[in-house]
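Since every read-out is calculated from the coordinates, none of them should be taken as a lab result. Quick caveat: nothing in here was measured; it's all calculated off a predicted structure. Because the Cβ atoms are built from the backbone with ideal geometry, glycine has one as well, and the counts that use them run over all protein chains shown.
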Amino acid sequence: MKDIDNAPTAADSAVTVRGLVKHYGETKALDGVDLDVREGTVMGVLGPNGAGKTTLVRILSTLITPDAGHAVVAGYDAVRQPRQLRRVIGLTGQYASVDEKLPGWENLYLIGRLLDLPRKEARARADELLERFSLTEAAKRPTATYSGGMRRRLDLAASMIGRPAVLFLDEPTTGLDPRTRNEVWDEVKRMVGDGVTVLLTTQYMEEAEQLATELTVVDRGRVIAGGGIEELKARVGGRTLRVRPVDPAHLRPLAAFLDETGLTGLATATVDTRRDDVLVPILSDEQLTAVVGAVTGRGITLASITTELPSLDEVFLSLTGHRAGAPQDSAPADTREEATV
Amino acid sequence: MSAATLTAPTNAPDARIPLRAHLRHTGALVRRNLLWIRQDPESMFDALLFPIVFTLLFVYVFGGSIGQALGGGQDQYVQYVVPGLMAMMGMNMAMGVGTGFNTDFNSGVMDRFRSLPIGRGSVLFAKIAVELLRMLFATAVLMIVAVLVGFEITDWPGLLASVGLSAVFGSSVMWVFLTLGVVMKSAQSVQAMGFLVLMPLQFGSSIFAPPGSMPGWLEAFTRYNPLSTLADAARGLMTGGPVAHNLWITLGWSVALTAVMAPVAIHKFRTKS
């Protein structure tokens, strides 16, 4: 198979994907995906439901085989060397993949044994990971009695047993409440701190922003954009200016005044009552200067002026033409993401 | 991980899993399935109640009349039906393996197993090992009830041999149901399918009644039904009578079923997305 040689992989590439295709009948879950994840980084794969994210992770973790293209993880080909590949990866699926009937400790011990750890070491590793993920007290309880957050933490612990080089997190916080989600984020950040390479799929812009250093945006089985998060935001263009008057009573007059000046051109100024400031979309540094000048001329004392890059929601909207997660009329649903429920 | 693993040549052949690792993985998974039983002892109710209910039903409902036809009474029927029930037990336990595996398969934990560097067969072998243990338990219950309703154990080695034969045949049938468990969408459909196949096989056999009085076509069916040969072999081993012919046919069926269905089950399991 010479195709391997045609796709040189960078020396520091932990995951290399070239031309990956997977069809389910008429549905193209993946339609020629290229992707590189550098060692020690966190790659966020962002896309709405049915974009092909889960299919990608399932191929990379050898659960399914692609129809075309190839994938190399930590130097092992996903199709030709699945057993070696499985030894260096960790997987946390969209739905907690732990045995609900077993206690937390038994879950971890079982996986340790399946990863060929000697009994003593498997026991020690189970204890150690329960401690680290704050589950020691629940160690002997059946997992079915765990809360959603505990289960997800156990799932993360399970994927860390083999000290993986590459970790796949498939929508790790889907279905969790905000507080639990923050807990899981903290755990993931700690894992990243240990130097593991992470490929994370998510539908949440906030999640990608929190965890990922680089981002690949997928839609309907194709990569539509990729790069550093800041870089992606810059590419989409436009910034938001946050102007905060000292006196909150000036908020509405200020917004009305900025609208009247017609400086911005993009959209109207809006008041953010939560943060007591006025949001003004701007396109250039000249506009920034003009806004500042106009406000100063009006005699309103300002507490602060900051510029913000656009949110990932806005990035997605401008890249795909539809909102992330919004129902797509003509897009085929990704059957995999349904079937794994 | 070390840089060495990251730069391993991608054209090297895949690693093989040594036999000892296979056994270790299967052992770890057997432990998992045994822990389920400890966590949920009710899952043993079927293995406990099934032999009690069926023995009592058949002996007290049909025992008198069929026993008469056999030239004796209820006592004679007990001697006739207990080896048959032992054969039947294996079938019902085998069906359970399919439904249980189907439920297990549709849980997220199966994805994790399949993403681990273990032989895919280990998961199936562990399931069969645990199910065989359940079957032995059910058989022990059956023998206790059988003795209580008047079954006479005359030949202990023969009894053990027929237990072994039922286990061998039962495990070969388990591969059929494991395949159904992997292939079919829900546990309910596996169960429905199981009943559909098992009911005619069990009743159209020499398990409950001698086929002599059946119409010709049915008698012909029972003669080739492997459950008949298993029941007859067990009968011969436990209560005396010809054994060899039925024994070989039963073993032949077991080998054939396993040789065909085990690779199919493992393949279906391996390639199931």
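A few comments on the model shown:
- Cβ crowding within 10 Å, taken as a proxy for footprinting-reagent exposure, orders B:ARG223, B:ARG31, A:ARG275 from fewest neighbours to most as A:ARG275, B:ARG223, B:ARG31.
- Rg/Rh for segment B:43-271, where both radii come from Cα atoms and Rh is the Kirkwood radius: 1.00
- Under a Gaussian network description of chain B, with springs only between Cα atoms under 10 Å, the residue in B:VAL176, B:VAL255, B:VAL109 that fluctuates furthest is B:VAL109.
- Here segment B:62-88 and segment B:147-173 have alpha carbon centers that stand 16 Å from each other.
- Each peptide in A:299-306, A:106-113, A:159-166 was scored by the mean count of other Cβ atoms within 10 Å over its residues; highest first, the order is A:106-113, A:159-166, A:299-306.
- Each residue, A:THR136 and A:LYS189, gets one label point 7 Å from its Cα in the Cβ direction; the gap between the two is 2.3 nm.
- Size estimate for segment A:1-136 follows the Kirkwood approach: the inverse of mean 1/r over distinct Cα pairs works out to 16.9 Å.
- In order through segment A:32-39: 3J(HN,Hα) via Karplus (6.51 cos²θ - 1.76 cosθ + 1.60), integer Hz, x for Gly, Pro: x, 9, 10, 7, 10, 10, 6, 3
- Between A:PRO172, A:PRO281, A:PRO48, the GNM of chain A built on Cα springs shorter than 10 angstrom shows A:PRO281 fluctuating the most.
- Cα-derived Rg over Rh, computed across the protein assembly as shown with Rh taken as Kirkwood radius: 1.14
- With respect to chain A, whose longest principal axis is taken over its alpha-carbon atoms, helix A:104-114 is tilted by about 60°.
- Helices of chain B meeting both criteria, an alpha-carbon length of 18 angstrom or more along the long axis and an average Kyte-Doolittle score not below 0.5, with helices taken as full DSSP H segments, are B:120-148, B:156-183, B:187-203, B:244-271.
- Test item: B:36-42 mean partner chain Cβ contacts at 10 Å: 2
- Between B:GLN202, B:GLN188, B:GLN74, the residue with the greatest mean-square fluctuation in the GNM of chain B (Cα pairs under 10 Å linked by springs) is B:GLN188.
- Relative packing of peptides A:26-37, A:250-261 - highest average C-beta neighbours within 10 Å first: A:26-37, A:250-261
- Subset of A:LYS53/B:LYS185; A:LYS101/B:LYS127; A:LYS140/B:LYS272 violating a 27 Å alpha-carbon distance limit: A:LYS140/B:LYS272
- Angle between chain A longest axis and helix A:251-261 axis [Cα atoms, degrees, rounded to 10]: 70 degrees
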